[in-house]
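Worksheet: one structure, shown below.
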Amino acid sequence: NFNAVFYITSDWADGKNIPEHEAYSGFMRWSDIKELSEKGFIIGCHGKTHVDLTKLDDKSLNDEIINSKKLIEEKISKEVKDFCYPYGVFNENTIKKLKEAGYKTAVTTRSTLNNKFLSSLELSRRWITNDVFLGKFIKLLATPTLSVCMIVKNEESVLKRCLDSIK
């Protein structure tokens, strides 16, 4: 009963259009992506060509965010609601375009202790590569802990606010 989100770079499906510097792996075929979707896995979007979205004009940004979403939806016959920022980078304009396109979540490579303080379009993610053994995988998914030591005036109220913010 373990689920996962597969973020698809739409132009790279079927192993096409992959720049040489990105050709580090085999990429799934549309038939594989549709099969994963039919088996209950979530299919998200990772843009059309895996470019830094913060450097694009509006037309190119629409192509990366909206047109790639439409293509994936067409191929899997389901709505795509989740996005993964290429290289983990984003700005206010990319968030605006994601909202306009109807995305509900987006993940970045930015690490945080707790996603509850972030917008659903700024969620952190953990890197899990194919060489991560089960023990490390479990640790990566565990909630991190934090030790805090403070010496301040009015210590109790400051400490309570601090602890409440990291729970």
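Sort out which residues of the stretch 4-30 are more than 14 Å from His50 (Cβ to Cβ) and of a type in the set (Asp, Glu), and write them in order of number. Across the stretch 4-30, the qualifying residue is only Asp14. Of the residues Lys59, Lys139, the single one that is in a helix (DSSP H, G or I), at pLDDT 90 or above, open to solvent by 40 Å² or more (accessible area, probe 1.4 Å) and among the basic types (Lys, Arg) is Lys59. Evaluate the following for Val89: is it closer than 18 Å to Phe41 by Cβ, among the β-branched types (Val, Ile, Thr) and either open to solvent by 30 Å² or more (accessible area, probe 1.4 Å) or modelled with pLDDT under 95 (or both)? So Val89 does not fit the description; no. Being of a type in the set (Asp, Glu) and either open to solvent by less than 60 Å² (accessible area, probe 1.4 Å) or over 19 Å from Glu122 (Cα atoms) (or both) is the requirement here; does Glu79 meet it? Spelling it out, Glu79 is indeed of a type in the set (Asp, Glu) and either open to solvent by less than 60 Å² (accessible area, probe 1.4 Å) or over 19 Å from Glu122 (Cα atoms) (or both).
The number of residues in the stretch 23-56 being open to solvent by 60 Å² or more (accessible area, probe 1.4 Å), free of Cβ contacts under 8 Å to residues at least 24 places away in the same chain and either within 19 Å of Leu121 (Cα to Cα) or of a type in the set (Gly, Ala, Ser) (or both) comes to 5. Within the stretch 1-22, if we keep just the residues that are open to solvent by 50 Å² or more (accessible area, probe 1.4 Å) and within 20 Å of the chain's Cα centre (by Cα), the residue that is modelled with the lowest pLDDT turns out to be Phe2.
Checked against the criterion of being touching a Phe, Trp or Tyr at 6+ places or on another chain (Cβ under 6 Å), assigned to a strand (DSSP E or B), modelled with pLDDT of 75 or more and surrounded by 11 or more Cβ atoms within 10 Å (Cβ to Cβ), the stretch 116-128 has no qualifying residue.
Taking the criterion of being touching a strand residue (DSSP E or B) at 6+ places or on another chain (Cβ under 7 Å) and assigned to a helix (DSSP H, G or I), the residues of the stretch 62-112 that qualify are Ser68, Lys69, Ile72, Ile76, Gly88, Leu98.
The values are calculated or read from the model by the stated rules, or taken from the named source; none is laboratory data. Model, not experiment: these values are computed from the prediction. Virtual Cβ from ideal backbone geometry, glycine too; neighbours counted across all protein chains shown. Calculation scope for accessible area: heavy atoms of the full protein, side chains included, ligands and nucleic acids excluded. Shrake-Rupley method; radii C 1.70, N 1.55, O 1.52, S 1.80 Å.
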